[in-house]
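Report on one structure; see the data block that follows.
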Amino acid sequence: MTKRVALVTGGTGGIGSAICRELCSRGHTVVAGYYPPEKEAAEAWQKQKRDKGFDIGLAAIDVSDFADCERAVNQIGGEFGGVDILVNCAGITRDGTLKKMSEANWTAVIKTNLDGAFHVTRHVINGMLDRGWGRIVNIASVNGQRGQFGQANYSAAKAGMHGFTMAVALETATKGITVNTVSPGYIATAMTEAMPEEVLKSIINSIPMRRMGSPDEIANAVGWLASEENSYTTGANIPVNGGLFASH
Ligand code: CAA
């Protein structure tokens, strides 16, 4: 196996942490991107991971800021090497019905979840093209595939991410690069913990497997998509959702 450099944005979050561990276990150099104001928490996270045997680098990246992504990707290049594997996992929610949704809550979600994927990918793509190898995995959501009450902003951003995946997959298909989406269902993380308890309970009842997913179940899918073995899957949207939404 060739050792690669992997960048996971939102790497210190619930799903991001599991993806960092998975890529680390596969022998790669892994860098977790974190939101710059959360430096202290990110350093504590890094120490905790090191104590468990996962040596993961850190990089401050505000994915919503195009220029900051350029700075961060250059810095990672100098410190760790060019990014071969990119997992766009940074994401936020600002739930609310459309009739009450502020422009700020719409914009925050689109800028972080959708623009963020463009901003980071734009700065790593030329290096991947030059080296003739790359793996990009965009973490979207079941709610981008089917819509969700109270998530007009989030559903739009996550559906948009997969449009981005499909277009970039076409542009890179002959260049040794695969680009795919993983669409998680409801996964046990701080993001779903923040939901109203009753709403979450009723959603779990509607999941055919009758349980939430674990971050490791997402990381397994990402690990394979980002590997050498995945040499022929590109432009796909892989659902990991306990049967909540069966796409064709
Ligand atoms: N379907 C249909 N109607 C619903 C509904 C639903 N799922 N949920 C609420 N309603 C109805 C209520 O019964 C109520 O009806 P009446 O007006 O007739 O009484 C009305 O909608 C309430 O509307 P409001 O605008 O007042 O909504 P609210 O302020 O009570 O809160 C909400 C709405 C903030 C969206 C809340 O329902 C909520 O947080 N829902 C969770 C959304 C969700 O799934 N988020 C996922 C977060 S995790 C994640 O995003 C990760 C991932 O990828 C899966």
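Under 7 Å between Cβ atoms, at least 6 apart or on separate chains: pull out the pairs that start in segment 24-37 with a residue that is at positive phi and end on any residue that is open to solvent by 30 Å² or more (accessible area, probe 1.4 Å).
Listed by first residue and then by second, the contacts come to GLY27/MET1; GLY27/LYS3.
Quick one: would you say ILE19 is buried (at least 18 other Cβ atoms within 10 Å of the Cβ), without any contact (Cβ under 8 Å) to a residue 60 or more places away in the chain, out of contact with any Pro (no Cβ under 6 Å at 6 or more places or on another chain) and within 26 Å of LYS158 (Cβ to Cβ)? Steps first, answer last, please.
Details: buried (at least 18 other Cβ atoms within 10 Å of the Cβ): yes; without any contact (Cβ under 8 Å) to a residue 60 or more places away in the chain: no; out of contact with any Pro (no Cβ under 6 Å at 6 or more places or on another chain): yes; within 26 Å of LYS158 (Cβ to Cβ): yes.
Spelling it out, it is not the case that ILE19 is buried (at least 18 other Cβ atoms within 10 Å of the Cβ), without any contact (Cβ under 8 Å) to a residue 60 or more places away in the chain, out of contact with any Pro (no Cβ under 6 Å at 6 or more places or on another chain) and within 26 Å of LYS158 (Cβ to Cβ).
Can you say whether ALA167 is in a helix (DSSP H, G or I), more than 23 Å from GLU22 (Cβ to Cβ), among the aliphatic types (A, V, I, L, M) and within 15 Å of the ligand (Cβ to nearest atom), as far as the supplied structure shows? Lay out the reasoning, then the answer.
Working: in a helix (DSSP H, G or I): yes; more than 23 Å from GLU22 (Cβ to Cβ): yes; among the aliphatic types (A, V, I, L, M): yes; within 15 Å of the ligand (Cβ to nearest atom): no.
Judged against the criteria, ALA167 is not a match.
Take THR181 and decide whether it is more than 20 Å from MET101 (Cβ to Cβ), more than 11 Å from the ligand (Cβ to nearest atom), touching a helix residue (DSSP H, G or I) at 6+ places or on another chain (Cβ under 7 Å) and of a type outside the set (A, V, I, L, M, F, W, C).
Answer is yes for this residue.
Find all pairs meeting these conditions: Cβ atoms under 7 angstrom apart; at least six residues apart or on different chains; first residue within segment 54-81 and farther than 18 Å from ASP115 by Cβ; second residue open to solvent by less than 70 Å² (accessible area, probe 1.4 Å) and in a loop (DSSP other than H, G, I, E, B).
GLY57/PHE80; ILE76/VAL83
Quick check on segment 144-157: of everything there that is open to solvent by 10 Å² or more (accessible area, probe 1.4 Å) and assigned to a helix (DSSP H, G or I), which residue is nearest to the ligand (Cβ to nearest atom)? Full working, then the answer.
Taking segment 144-157 and keeping what is open to solvent by 10 Å² or more (accessible area, probe 1.4 Å), we get 144-152, 154-156.
Next cut, assigned to a helix (DSSP H, G or I) only: 144-146, 152, 154-156.
Numbers: GLY144: 8, GLN145: 10, ARG146: 10, ALA152: 10, TYR154: 6, SER155: 9, ALA156: 13 Å.
So, considering only residues that are open to solvent by 10 Å² or more (accessible area, probe 1.4 Å) and assigned to a helix (DSSP H, G or I), the one nearest to the ligand (Cβ to nearest atom) is TYR154.
Which pairs have Cβ atoms under 9 Å, sit 6 or more apart or on different chains, and link a residue in segment 200-225 that is free of Cβ contacts under 8 Å to residues at least 40 places away in the same chain to one that is of a type in the set (D, E, K, R) and open to solvent by 70 Å² or more (accessible area, probe 1.4 Å)?
LEU200/GLU193; ILE204/ARG210; ILE204/ARG211
The values are calculated or read from the model by the stated rules, or taken from the named source; none is laboratory data. Values in this document were obtained by computation on a predicted structure and should not be read as measured data. Here the Cβ is made from the backbone with ideal geometry for all residues, glycine too, and neighbour counts use every protein chain on show. Quick note on the areas: whole protein, heavy atoms, side chains included, nothing else; ligands and nucleic acids left out. Shrake-Rupley method; radii C 1.70, N 1.55, O 1.52, S 1.80 Å.
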